[in-house]
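Chemist: One structure, as structure tokens, below. Some questions next.
All of the numbers you see were taken from the coordinates with simple rules; none came from a lab. All of these numbers come straight from a predicted model, not from anything done at the bench. We place every Cβ from the backbone using ideal geometry, glycine too, and count neighbours over all the protein chains shown.
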Amino acid sequence: NAGVTQTPKFRILKIGQSMTLQCTQDMNHNYMYWYRQDPGMGLKLIYYSVGAGITDKGEVPNGYNVSRSTTEDFPLRLELAAPSQTSVYFCASGYNEQFFGPGTRLTVL
Amino acid sequence: QKEVEQDPGPLSVPEGAIVSLNCTYSNSAFQYFMWYRQYSRKGPELLMYTYSSGNKEDGRFTAQVDKSSKYISLFIRDSQPSDSATYLCAMTRPGVSGKLSFGAGTTVTVRA
């Protein structure tokens, strides 16, 4: 039982490039979430999903897109990367009790 | 005003001391309260989960919720160097698809 896994662990992007952050959970949770964490700012919700095929915006969705074709996977897409997207990204699954992945550390230069 | 306020610290205590962490919140609809522990360069790990007011104890950890004052606390007894981490409070309410509101986190260092 791996819980929530995320790939890649680290990535450096140039301004304007695109990438997909992968997230997979094996707990059969319907609810999944993407957060970003900036120093001293806590966790901000980017997008969330209540089940396969259903997604919705969180607090800071601009510059990101998501899809949810299966219960297990919830990828986050960055289009036209900007320096403001330099952050640590966490995927989580669960309902009131959320379980987090190890994170992806992204730098946009 | 932020929905959830947490003293950012940092907090430095000697080994064996009691660590006290607090959060206040403004939304009286919050009913579910959590504490997460986050080690450096790792993901948050759920430490304590409580529903409504009262106390919950788990080993050296005690979580308190006072809904009348909109105030939650986490106490760590007999603190150990392995407790050195950032502690995040989080809370949610019914009807929002489990979306959590987080505090900014308090960094704790336990000195051996």
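Chemist: Give, as a single signed number, the net charge of other residues whose beta carbon lies under 13 Å from the beta carbon of B:S12, with Lys and Arg counted +1 and Asp and Glu -1.
Modeler: That works out to -1.
Chemist: In cubic angstrom, how much convex hull volume per residue do the alpha carbon atoms of the protein assembly as shown span?
Modeler: Convex hull of Cα atoms, per residue: 123 Å³.
Chemist: Pairs of Cα atoms under 8 Å, at least six residues apart: use those to get the relative contact order of chain B, whole percent.
Modeler: 37
Chemist: Using just the Cα positions, wrap the stretch B:1-104 in a convex hull and report its mean projected area in square nanometres, one decimal place.
Modeler: Across all orientations, the stretch B:1-104 yields a mean hull projection of 6.7 nm².
Chemist: Sticking with the crude label model, points 7 Å out along Cα→Cβ, report the distance from B:D7 to A:S69 in nm, one decimal please.
Modeler: Spacing of the two 7 Å Cα→Cβ label points: 5.0 nm.
Chemist: May I pose another question? What stretch of chain B, leaving out the sites themselves, is the longest with no GluC sites (Glu not before Pro) in a DSSP loop having at most 16 other Cβ atoms within 10 Å?
Modeler: That gives B:16-112 as the longest site-free run.
Chemist: Work out Dmax and Rg for the stretch B:1-59 from the C-alpha atoms and quote the Rg first, both in angstrom.
Modeler: Spelled out, the Cα radius of gyration and Dmax of the stretch B:1-59 are 13.4, 37 Å.
Chemist: Consider just the alpha-carbon atoms of chain A and return their Rg together with their Dmax, both in angstrom.
Modeler: Looking at chain A, its Cα Rg and Dmax stand at 12.9, 37 Å.
Chemist: Also: Exactly which trypsin sites (Lys or Arg not before Pro) in the stretch A:1-81 are in a DSSP loop and have at most 14 other Cβ atoms within 10 Å?
Modeler: Qualifying residues, ordered by number: A:K9, A:K14.
Chemist: Take the Cα pairs of the stretch A:9-70, get the Kirkwood Rh, then feed it into Stokes-Einstein at 20 °C and 1.002 mPa s and tell me D in µm²/s. Before the final figure, lay out the partial values.
Modeler: Numbers: Rh = 13.2 Å.
It comes out at roughly 163 µm²/s.
Chemist: Return the subset of B:K2/B:K42; A:K57/B:K70; B:K2/B:K67 for which the Cα-Cα distance in this structure is over 21 Å, preserving the input order.
Modeler: From the list (B:K2/B:K42; A:K57/B:K70; B:K2/B:K67), the Cα-Cα distance tops 21 Å for B:K2/B:K42; A:K57/B:K70.
Chemist: Where does the stretch B:63-107 land on Rg/Rh, using Cα atoms and the Kirkwood Rh?
Modeler: For the stretch B:63-107, the value is 1.04.
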